[in-house]
1. Quick one: of 13/85; 42/133; 85/211; 42/147, which pairs are farther than 22 Å apart, Cα to Cα?
2. Pick out which of 201, 50, 73 has the largest mean-square fluctuation in a Gaussian network model of the chain, springs linking Cα atoms closer than 10 Å.
3. Given the Cα-Cα distance of residue 122 and residue 65 and 0.36 nm per residue of separation, how much length would full extension add, in nm?
4. Normalised by the residues of segment 57-133, what does the relative contact order come to in percent, with Cα pairs under 8 Å and at least six apart?
5. Could you do me a favour and compute the accessible area per residue for segment 3-208, 1.4 Å probe, result in Å²?
6. Can you find, among 173, 197, 140, the residue farthest towards the positive end of the dipole of segment 101-212? Put +1 on the C-beta of Lys and Arg, -1 on that of Asp and Glu.
7. Just want the answer: with Cβ charges of +1 for Lys and Arg and -1 for Asp and Glu, which residue in 96, 39, 3 is farthest toward the dipole's positive end in the chain?
8. Suppose accessible area is computed on protein heavy atoms with a 1.4 Å probe; arrange 125, 49 from highest to lowest.
Amino acid sequence: MSAKTETLLSILKLQPVVPVLIVEDVASAVPLARALVAGGLKAIEITLRTPAALDAVKAVAAEVEGAHVGAGTILNARDFEAAVKAGSTFIVSPGVAPGVLAAARDSAVPLLPGAATASEVMTLREAGYDVLKFFPAEQAGGAAYLKALSSPLAGTVFCPTGGISLKNANDYLSLPNVVCVGGSWVAPKELVAAGDWAGITKLASEAAALKA
Ligand code: 3PG
């Protein structure tokens, strides 16, 4: 396993659930990340789906003690480089693309690339990736599907994301090839909009108490 993969694994192993955030307002990023860290979720993925996302990564990287901020929804090399420049400590993509892999090769920051089929997993293994995001987890076939991949594709570990909540997280976390899960349920839009940081810390604590 490469040093970059070791670094990625050590970040993912910090907790059973990585919050996946869509930050609409940069002003909410720091209190939101603080609320998640207070609940025990230190590795946080901010998706590049809003104009505020890169500034949110920057603010959390600079101001939130104990947070490991990553950037998600990285679709090309330009996004990869911008996310690293903003201070991301890991990068997440929903799938595999040559440009993203090339940017990752040239960077010291680890990439968690997405896969949903055996062929995608095999392609990423050939490129040197043993730790993958399984996306979209529920929609692609859920925990039973991921379990079926584990025997022929032993040696690859996954962070399933997509359609996961407190209700079904354990279906994944109980699989031997799952290191953590990702999900947006720990930061619901309404709580963020209301600035209910205590409510978010409570959701984060429940998620942090799940068994990885
Ligand atoms: C995403 O990238 O949108 C994540 O997979 C989050 O999915 P969720 O909103 O279903 O948790």
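The values are calculated or read from the model by the stated rules, or taken from the named source; none is laboratory data. Since this is a predicted model, take the numbers as computed values, not measurements. Glycine gets a Cβ as well: all are built from the backbone with ideal geometry, and neighbour counts include every protein chain shown. Quick note on the areas: whole protein, heavy atoms, side chains included, nothing else; ligands and nucleic acids left out. Shrake-Rupley method; radii C 1.70, N 1.55, O 1.52, S 1.80 Å.
1. Long pairs (Cα-Cα over 22 Å): 13/85; 85/211; 42/147.
2. 50
3. 16.8 nm
4. Worked out over segment 57-133, it gives 25 percent.
5. 42
6. In segment 101-212, that residue is 173.
7. My answer, from the dipole projection, is 3.
8. Ranking 125, 49 by accessible area, largest first, yields 49, 125.
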